[in-house]
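**Q** Attaching a single structure in structure tokens format; questions to follow.
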Amino acid sequence: MNPSAHPRALLARWGLRPRKRYGQNFLVDPATAQRIARLCVSFCEDGRRARVLEIGAGTGALTLALLETGADLTTIEIDPALIALLRSRDDLRGAEIVQGDALEFDYARWSHGASWSVAGNLPYNVATPLIVGFAEMPNGPESLTVMVQKDVADRLAATPGTAAYGSLSVAVQYALNVERAFTLGPSAFYPPPKVRSAVVRMVRRAKPAVEPRDLALFRKVVRGAFAYRRKTLVNSLALALDMPHAAVARAVAASRLSPELRGERLDLDDFARLADALAEG
Ligand code: SAM
């Protein structure tokens, strides 16, 4: 790599240091950025120009790789110091660079109802709320190609009965198909993080995996089932939903589930049947 394009050199030129509070671990290798960018735009191969929203431009490694694919690119960066750096780069002129918090951005207004995708090497402290927000968003992104900590990737892709399976797995898999792409060690970043990272690709399902009658209740049931992981499903739900134990036990029986089960054994169909039974009361 051209040493002057290394994040360390770019930051030093602006008198900056990586900021922990913003989860700043910058990608060092342009080939990795290109690999993520190609994965992101690959679902648009039917001739459409990919409309991409990048979360957290940093010093611009992935921003540049996304622009090089020909994507129509907007990037959101929270750190004002990095905004100045990014806007000074001639090679990033093609991107719309927005200063803001990705947790508060008005995605509906920005997307105008057109289809769009998300890419990013996500800041670790906001990665999960961002992904759940995108999964649950009306008119949300068609796909997400994101770098996250490996344990988050494990939880996103987890299947019932495994230690990593939880409310994050269910909330995301309800709306999106999750595929792991590749993993990277700490040396791929500056500064190196303490843990391994993984790129995950999530593509919106043509329709949700299940169709519970009351989606808000389904979401509450999912969260409630995992709220007390050491308790049985009935006990955890009764506590979390503040419902009589007997009413929950009846709904569990009506859903053809064993009262001794724990939440981590239930798949999406089980959760939908259970939410419907609880809605009937
Ligand atoms: N994409 C760059 C790269 O791969 O080198 C930077 C990745 S770094 C892990 C995450 C970036 O997200 C940082 O630049 C950080 O300042 C930014 N960031 C952190 N929290 C954010 C938020 N809530 N909204 C937007 N950007 C955020």
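Derivation of every value follows stated rules applied to the coordinates shown; laboratory data play no part. Source: prediction; values computed, not measured. Every residue, glycine among them, receives a Cβ derived from its backbone with ideal geometry; neighbour counts consider all protein chains shown.
**Q** Using the beta-carbon distance between residue 20 and residue 260 and R0 = 41 Å, what value does 1/(1 + (r/R0)^6) give for FRET efficiency, to the nearest 0.05? Please list the in-between numbers first.
**A** Values: r = 44 Å, r/R0 = 1.07.
Approximately 0.40, to the nearest 0.05.
**Q** Counting only C-alpha contacts under 8 Å and six or more residues apart, can you give the relative contact order of segment 3-204 as a whole percent? Numbers along the way, then the final one.
**A** Details: 365 pairs, mean separation 41.7, N = 202.
The value is 21 percent.
**Q** Then there is this: Could you tally the net charge around residue 53, taking each other residue with its Cβ under 15 Å from the Cβ of residue 53, Lys/Arg +1 and Asp/Glu -1? Don't skip to the end; give the middle numbers.
**A** Working: positive: 49, 51, 109, 204; negative: 54, 72, 77, 96, 101, 104, 106, 142.
Net charge around residue 53: -4.
**Q** Any idea how far apart residue 13 and residue 151 come out in nm if each label point goes 7 Å out from Cα toward Cβ?
**A** Between residue 13 and residue 151, the label points sit 3.7 nm apart.
**Q** What relative contact order, as a whole-number percentage, does segment 209-281 give when Cα pairs under 8 Å and 6 or more residues apart are counted?
**A** Computed value for segment 209-281: 41 percent relative contact order.
**Q** Also, I was wondering about something else. What does the net charge come to around residue 101 if you take all other residues with beta carbon closer than 13 Å to its beta carbon, with K and R at +1 and D and E at -1?
**A** Working: positive: 21; negative: 77, 79, 104, 106.
Taking every Cβ under 13 Å from that of residue 101, the sum is -3.
**Q** Using alpha carbon centroids, what distance separates segment 149-167 and segment 104-127, in Å?
**A** Rounded to whole Å, the Cα centres lie 23 Å apart.
**Q** Another question, then. May I ask you to list the lysines whose Cα is less than 30 Å away from that of residue 231, ignoring any residue fewer than eight positions away on the same chain?
**A** Excluding near neighbours in sequence, the set is 150, 220.
**Q** Set the Förster radius R0 to 35 Å, insert the Cβ-Cβ distance between residue 243 and residue 115 as r into 1/(1 + (r/R0)^6), and round the FRET efficiency to 0.05.
**A** Values: r = 40 Å, r/R0 = 1.13.
Efficiency, rounded to the nearest 0.05: 0.35.
**Q** Compute the signed sum of charges (Lys and Arg +1, Asp and Glu -1) over the other residues within less than 15 Å, Cβ to Cβ, of residue 135. List each step's numbers first, then the result.
**A** Values: positive: 155, 201, 204, 205, 207, 219, 223; negative: 136, 142, 179.
Value of the local net charge: +4.
**Q** Which ³J(HN,Hα) values in Hz, rounded to whole numbers, follow from the phi angles of segment 238-254 under the Karplus curve 6.51 cos²θ - 1.76 cosθ + 1.60, where θ = phi - 60° and Gly and Pro get x?
**A** Once rounded to whole Hz, the list reads 4, 5, 5, 8, 6, 10, x, 3, 5, 5, 5, 4, 4, 5, 5, 5, 5.
**Q** Let me ask you something else. Let's test the formula: R0 of 22 Å, r as the Cβ-Cβ distance of residue 84 and residue 177. What FRET efficiency results, to the nearest 0.05?
**A** Plugging the Cβ-Cβ distance into 1/(1 + (r/R0)^6) gives 0.05.
**Q** Moving on. Rg over Rh of segment 114-173, using C-alpha atoms and the Kirkwood radius, what does it come to? Each step should come with its number before you reach the end.
**A** Working: Rg = 11.6 Å, Rh = 12.0 Å.
Reported Rg/Rh, Kirkwood definition of Rh: 0.97.
**Q** Using only helices, what value at 222 nm comes out for the chain when you add -39,500 (n - 2.57) per DSSP H run of length 4 or more and divide by the total residues, to the nearest 500 deg cm²/dmol? Please list the in-between numbers first.
**A** Details: 12 runs with 110 residues, N = 281.
Rounded to the nearest 500, it is -11000 deg cm²/dmol.
**Q** Sticking with this structure for a sec: Answer rounded, prolate or oblate for segment 3-204, using the Cα gyration tensor with square roots of eigenvalues a ≥ b ≥ c: rounded when a/c is under 1.5, else prolate when a/b is larger than b/c, else oblate.
**A** Oblate.
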